[in-house]
Amino acid sequence: MHDAYEAAAAEAGWQTQQASRVPWADVPEANKATMRAAVTALLGWLDTTETVQIMDMTGTVETIEVPPHRHRRVTVLRTEWQDGNKVRVWACDCGHELT
């Protein structure tokens with residue numbers, strides 16, 4: 001996370017504070033533990049799903065598993081074929097696509 005944070009800052013066009021920019025080996029153990037706990041919590045959140053029921057325009061109700069998400073309005077975006085199977089692609093009100 002430490003190196004990823006530094007890289008993300010550089011990609012965004014800004015630099016972290018020079019005084020806090022140290023190699024990972026030199027980061028205090030308490031800070032390392034806090035960073036690890038934050039990453040572990042984030043990974044746990046990303047690894048979970050929620051069950052939601054959605055209804056298409058014909059009134060067909062379907063239950064799908066989606067990543068945790070604050071937006072609830074989900075509609076059919078399109079239907080497509082993947083590996084010979086008909087798959088509905090859903091979109092929430094903020095534009096995230098779900099299959």
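The values are calculated or read from the model by the stated rules, or taken from the named source; none is laboratory data. Bear in mind that the values here come from a model prediction, so they are computed numbers and not experimental data. Neighbour counts are summed over all protein chains in view; Cβ atoms, including those assigned to glycine, are modelled from backbone coordinates with ideal geometry.
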Subset tally (residues that are at pLDDT 75 or above and of a type in the set (A, V, I, L, M)) for the stretch 68-99: 1
Kindly list the number of the only condition in (1) at pLDDT 75 or above; (2) among the aliphatic types (A, V, I, L, M); (3) outside any helix (DSSP H, G or I) that fails for Leu42. (3)
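For (1) assigned to a helix (DSSP H, G or I); (2) in the same structural domain as Val87 (by TED's automatic domain parsing); (3) under 30 Å from Arg88 (Cα atoms), each residue gets a yes or a no:
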| residue | (1), (2), (3) |
| --- | --- |
| Ala10 | yes, no, no |
| Trp14 | no, no, no |
| Val22 | no, no, no |
| Ala30 | yes, no, no |
| Met35 | yes, no, no |
| Ile54 | no, yes, yes |
| Glu62 | no, yes, yes |
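Would you mind finding the one in Glu65, Glu50 that is out of contact with any Ser or Thr (no Cβ under 7 Å at 6 or more places or on another chain), surrounded by 10 or more Cβ atoms within 10 Å (Cβ to Cβ), at pLDDT below 80 and among the charged types (D, E, K, R)? It would help to see each step written out before you state the result.
On the way: Glu65 fails: out of contact with any Ser or Thr (no Cβ under 7 Å at 6 or more places or on another chain).
Residue meeting the stated conditions: Glu50.
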Qualifying residue in the stretch 1-9 (condition: in contact with a helix residue (DSSP H, G or I) (Cβ under 6 Å, 6 or more places away or on another chain) and modelled with pLDDT under 80): yes
